[in-house]
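Below is one structure, written out as structure tokens, with a few remarks after it.
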Amino acid sequence: MTFGEQPAYLRVAGDLRKKIVDGSLPPHTRLPSQARIREEYGVSDTVALEARKVLMAEGLVEGRSGSGTYVREQPVPRRIARSGYRPASGATPFRQEQADGEGRGTWESSSAQTEASAAIAQRLDIRPGDRLMCTKYVFREAGEPMMLSTSWEPLAVTGRTPVMLPEEGPLGGMGVVERMAAIDVVVDNVTEEVGARPGLAEELLALGGVPGHVVLVVHRTYYASGRPVETADVVIPADRYQVAYHLPVK
């Protein structure tokens, strides 16, 4: 192989990928067999197998037990809008994540007290082992899981107050800013860090994804006068959604 030349398995995968993208191999079509790839491209069984593995890792094809490998139907990415804009009236967590206010959906949640891990303690500027309220959400759009969120709030801030449980009480479901304001904690800043990684098995199971699929992860933290009062991990399937930010100009 000369310098700059692609390995044979990547060249084969690239040609098959092109056929999938341009429709020559439409969704639900069976991918050429290993023997067919070997014959058509003049490569070894090993190269043919590695090429198929590449397409599977990219989520372009899927194996069906006892049947073969087939082209997957690729979803059209939809937007999840996020911004600093907040409606004048109270907003549910789902509407806040849907910041444009046009989304229609439902969510499920559960809260439980826990201890801060070292990573979460660092994000909240507290000590590992400090008590937290942890709330887990599954957000759905038209019944389809679209987003997971896990939030942590220090009980040193919310403990023994009417807003200790984010989804219960007089301000249940109203969001971090409104709930904190009710206990005289003024949220004045929020940061979000966006990254990508392979989804964990339990995340992909909840989101209806395929093993190996990539998820977007948003690490969000709310601050009041420099003190972190809530942090959350938001997990979004990258093959189905794009994250769009609308940032106000001040």
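The values are calculated or read from the model by the stated rules, or taken from the named source; none is laboratory data. Because the structure is a prediction, the values reported are computed rather than measured. Please note: Cβ atoms are built from the backbone with ideal geometry, for glycine as well, and neighbour counts cover all protein chains shown. To get the accessible areas, we keep the full protein, side chains included, count just its heavy atoms, and leave off ligands, DNA and RNA. Shrake-Rupley method; radii C 1.70, N 1.55, O 1.52, S 1.80 Å.
Structure notes:
One line per residue, one yes/no per condition, for (1) among the basic types (Lys, Arg); (2) open to solvent by 80 Å² or more (accessible area, probe 1.4 Å); (3) under 17 Å from MET147 (Cβ atoms):
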| position | (1), (2), (3) |
| --- | --- |
| HIS213 | no, no, yes |
| VAL218 | no, no, yes |
| SER225 | no, yes, no |
| ASP233 | no, no, yes |
| ILE236 | no, no, yes |
| ARG240 | yes, no, yes |
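- Taken over region 205-250, the criterion of being in a strand (DSSP E or B) and more than 29 Å from MET180 (Cα to Cα) is satisfied by VAL214, VAL215, PRO237, TYR241, GLN242.
- Of all the numbered requirements in (1) farther than 19 Å from ASP239 by Cα; (2) open to solvent by 60 Å² or more (accessible area, probe 1.4 Å); (3) not in a loop (DSSP other than H, G, I, E, B), ILE37 misses one, and that requirement is (2).
- GLY129 vs. criteria touching a strand residue (DSSP E or B) at 6+ places or on another chain (Cβ under 9 Å), outside any strand (DSSP E or B), touching a residue at least 60 places away in the same chain (Cβ under 8 Å) and not hydrophobic (A, V, I, L, M, F, W, C): no
- One residue from LEU55, LEU25, LEU49 being modelled with pLDDT of 90 or more, assigned to a helix (DSSP H, G or I) and buried (at least 17 other Cβ atoms within 10 Å of the Cβ): LEU55
- Candidate set: region 63-106, residues that are in contact with a Lys or Arg (Cβ under 7 Å, 6 or more places away or on another chain) and open to solvent by 50 Å² or more (accessible area, probe 1.4 Å); chosen: the one modelled with the lowest pLDDT: PRO77
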